[in-house]
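S.K.: Dropping a structure here in structure tokens format, bear with me for questions.
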Amino acid sequence: MLFKFVRVRSYEIGLYFRHGEFQGLLGTGRHLLFNPFGAVRVDVISQHTPFILHDQLDVMVRSGKLDERIAVVDLRDHERGLVWIDGRFQRILPPGQYAYCTQGKDVRVEVVDAREVRFRHESERVILRSPQASQLLDICRVQRNHVGVVFLDGEYVETLPPGEVAYWRSLADARVVEVDMREQTIDVGGQEIMTSDKVTLRMNAVVTYRVVDAQRAVTVTDGATQALYRESQLALRAVVGTRELDALLSDKDGLVQAFAEGVRRRASELGLEVISAGIRDVILPGEMKDLMNKVTEARKAAEANLIVRREETAAMRSQVNTARLLVDNPTLMRLRELEILEKVVTNGNLQVVLGEQGLGDRIMKLL
């Protein structure tokens, strides 16, 4: 057939090729094209899909025969394209060449420089929630009560507050380390430590801390919490190993203070602040516990015996003083006898047995 009939609807565009060479665009209507030996090819595309996907797009662009109905954007290796259709964000374009229809839909491609590795945009929240964003962006979310320590190609860059942040892929190795800024507690348990007088104790301690320098906490050591745990073990051994058992048990406050000082000194070098440190349990060996119980029991028994002897001595001293006072004061002696007789009469029956002559007269005189 020498002619080819092509119909292009109002929402379509025709791509006209002859012998593989792009000839131009066909608008809306019916087109009759001279087609000897099938040399003509017309690809009809819909404008409902803004971007033109064609295997000869580069040929079309180089021909210079595209008019205002087709726009072309060429993104270099360090550039990315943000596509807005009818005022709504649609996708992110990687480096490459793209053509899109300017009719039917309001299409806008915003070219951004990705050499600034961190992605910043006034509509950042909307862009990061698009399905295609994660293909070209590393999206990091720093949780509440945390901070994010940012490293680019292994070098520290900044510390981020809670929120969402994104970095372009492929241009740099971006890494965000989350650090919890809340108070945390470490249990240092099951430590068997020998005192200076060769007594082995089992001790449990607790340390409460928080991060004050996030950068130092992630760069000085591979794990600040684990490092603080090891330092707490060493500090506890250091303060206990220089004390005898009796001094340790009698001065627990001094022991706790020395332990806390040792932990705080090292914690500050790790970017941490020790809020409190204390010793929770001191466990003696079984035989030592029995011995201590016996010593305590003997000490308490001796103290009780001493108290009894002191009370007896005080009572005897009081009786001696009373006797001296009565001897020196006959009237007071008489009153004392009357008090005793009054108690006898009041609390019981008074029975008088007269055996000796004149005893009754003396009792009557006494009464």
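The values are calculated or read from the model by the stated rules, or taken from the named source; none is laboratory data. Computed from a predicted model, the values in this text were never measured in an experiment. Don't worry about glycine lacking a Cβ; one is built from the backbone with ideal geometry, like all the others, and counts go over all protein chains shown.
S.K.: Filter the range 142-156 for residues that are in contact (Cβ under 8 Å) with a residue 24 or more places away in the chain and part of a strand (DSSP E or B) and give the result.
M.R.: V142, H146, V147, G148, V149, V150, F151, L152, Y156
S.K.: Test R88 against the stated conditions and say whether it is under 30 Å from H121 (Cα atoms), in contact with a helix residue (DSSP H, G or I) (Cβ under 9 Å, 6 or more places away or on another chain), of a type outside the set (G, A, S) and without any contact (Cβ under 8 Å) to a residue 24 or more places away in the chain.
M.R.: Details: under 30 Å from H121 (Cα atoms): yes; in contact with a helix residue (DSSP H, G or I) (Cβ under 9 Å, 6 or more places away or on another chain): yes; of a type outside the set (G, A, S): yes; without any contact (Cβ under 8 Å) to a residue 24 or more places away in the chain: yes.
So R88 passes the test.
S.K.: Inside the range 1-114, counting only strands (runs of 3 or more DSSP E) that do not spill past its ends, which hold 2 or more residues that are farther than 28 Å from L137 by Cβ?
M.R.: 3-8, 12-18, 21-26, 29-34, 40-46
S.K.: For the range 96-137, what are the residues that are closer than 16 Å to H78 by Cα, of a type outside the set (V, I, T) and surrounded by 14 or more Cβ atoms within 10 Å (Cβ to Cβ)?
M.R.: Within the range 96-137, Y98, E110, A114, R118, F119, L136, L137 meet the criteria.
S.K.: Residues that are over 30 Å from R243 (Cβ atoms) and either at pLDDT below 85 or of a type in the set (A, V, I, L, M, F, W, C) (or both): does the range 188-206 have at least one?
M.R.: No, every residue in the range 188-206 fails to be over 30 Å from R243 (Cβ atoms) and either at pLDDT below 85 or of a type in the set (A, V, I, L, M, F, W, C) (or both).
Here is a yes/no grid of residues against (1) at pLDDT 85 or above; (2) of a type in the set (D, E, K, R):
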residue: G24; (1), (2): yes, no
residue: G38; (1), (2): no, no
residue: V61; (1), (2): no, no
residue: D74; (1), (2): yes, yes
residue: E79; (1), (2): yes, yes
residue: D86; (1), (2): yes, yes
residue: G96; (1), (2): yes, no
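S.K.: Another question about this same structure. I need a count of the residues in the range 160-218 that are of a type in the set (G, A, S) and more than 20 Å from R141 (Cα to Cα).
M.R.: The qualifying residues number 4.
S.K.: From the list T49, T28, exactly one residue is more than 30 Å from E124 (Cβ to Cβ) and either in contact with a helix residue (DSSP H, G or I) (Cβ under 6 Å, 6 or more places away or on another chain) or hydroxyl-bearing (S, T, Y) (or both). Which is it?
M.R.: Only one candidate qualifies: T28.
S.K.: Given the residues D246, D213, D222, which is the only one that is closer than 30 Å to L160 by Cβ, at pLDDT below 90 and of a type in the set (D, E)?
M.R.: One residue alone meets the criteria, D222.
S.K.: Of the residues in the range 181-207, how many are surrounded by 14 or more Cβ atoms within 10 Å (Cβ to Cβ), more than 14 Å from Q233 (Cα to Cα) and under 22 Å from the mean Cα position of the chain (by Cα)?
M.R.: Result for the range 181-207: 2.
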